[in-house]
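Just so it is clear, none of the values below were taken in a lab; they were calculated from the coordinates. Quick caveat, the model's predicted, so the values are computed rather than measured. No Cβ is skipped: glycine too gets one built from the backbone with ideal geometry, and neighbour counts run over all protein chains shown.
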Amino acid sequence: MSTQVLELIMCIIIYLIVFCFGMIIGSFLNVCIYRLPKNESLIKRSSHCMTCGEKIRARDLVPIFSWLFLKGKCHSCGEKISGRYPLVESLNALLYVWVFMQVDIAELVFDYASLANCIILCLYMSVLIVIAFIDYDTQEMHLSVLIAAALLAIPSFFLTGEYGASLKERIIGALIISVPFLILGLITGGMGMGDVVLMAAGGLLLGTKAIVVAALLGIVLAAIVGVIIKKKSGESKMAFGPYLCIGLAIAATHGTKIADWYINTFLTFE
Ligand SMILES: [Zn+2]
């Protein structure tokens, strides 16, 4: 077999492993999304049907597949199980694979810094999913998840340089969006403290360029969706967090590249 074929097989195997990990973590994210807003324990009570309260059998706990196998219904009472469970699981799994697709898999084995960077970014994607869904449901962010987002920046400090922003970029990144958001929030009351902390933590992890891209993407996306919602239902109140999270997720892997492209294309006058 040629080395190219071997490499391809290795890539597929690693992506499959990463996908499975993503699914399993995604399953835990569902627990976080439903229990954190109610301040319920994440580990104490085993998973149960939201309608009949029946404990979910071990074989029905396989992420994505159990839902498909049960055709989205509880095995006990037959009530519909929200399609959001498999959605969160597959979204998390796909984002994990996406993160790993950005690096050279063959080099990953020898390059611990690159591997560590991938793991940090994967965990960050998971944190963003939890923040986005909780904010969408409750229009609030849960403090513990925001703290998790900020803590993720700490190990990435050791990867400064090739795999991320420099320390200076991280510190400016932590302030460049969060401070204007804070001022806006204090003046208009339209910006939640959660949004401010989210962007401070994001800047600390991703650096200046990426956090600016994340904020712009989030604002544009929220504006578009806001106009659509207002036209359809007349509702003007909506959570801003999910759109910031989408912006952050895109910027986590491509923020610096998008910023450089933008600067080179539109802001270079030669
Ligand atoms: Zn049930």
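Sorted ascending by nearby beta carbons within 10 Å, beginning with the fewest, M141, M50 become M50, M141.
Write out the GluC sites (Glu not before Pro) in segment 62-129 meeting two conditions: DSSP loop, and at most 15 other Cβ atoms within 10 Å of their Cβ. Display every interim value, and only then the final one.
Values: sites: E79, E89, E107; in loops: E79.
Qualifying residues, ordered by number: E79.
Note on E54 and A106: the model spin-label points, each 7 Å out from Cα along the C-beta direction, lie 5.2 nm apart.
Semi-axes of the chain's equivalent ellipsoid from the Cα gyration tensor, sqrt of 5 times each eigenvalue, largest first, rounded to whole Å?
Details: eigenvalues 198, 154, 57 Å².
Three semi-axes, in Å: 31, 28, 17.
Annotation for segment 7-110: chymotrypsin sites (Phe, Trp or Tyr not before Pro) lying in DSSP loop with at most 11 further Cβ atoms inside 10 Å of their Cβ are F110. So for the pair W261, S144, with labels modelled 7 Å out along Cα→Cβ, what separation do we get in nm? So the label points at W261 and S144 sit 3.8 nm apart. Modelled spin-label separation between K80 and I13, with each label point placed 7 Å from Cα along the Cα-to-Cβ direction: 4.3 nm.
Under a Gaussian network description of the chain, with springs only between Cα atoms under 10 Å, the residue in I229, I64, I17 that fluctuates furthest is I229.
Its relative contact order, with pairs defined as Cα atoms under 8 Å and 6+ residues apart, puts segment 141-270 at 25 percent. With the gyration tensor restricted to C-alpha atoms of segment 141-270, the semi-axes of the equivalent ellipsoid amount to 26, 19, 13 Å, longest first.
What is the chain's relative contact order, in percent, from Cα pairs under 8 angstrom and six or more apart in sequence?
Reported relative contact order: 16 percent.
For the chain, with the dipole built from +1 on Lys and Arg beta-carbon atoms and -1 on Asp and Glu ones, taken about the Cα centre, which of L182, L87, L152 lies farthest toward the positive end? Highest projection toward the positive end goes to L87. Where in segment 96-115 does the label zone of F65 land, with the point 7 angstrom along Cα→C-beta and an amide N cut-off under 20 Å? Only 96-97 fall inside the zone, counting backbone N under 20 Å.
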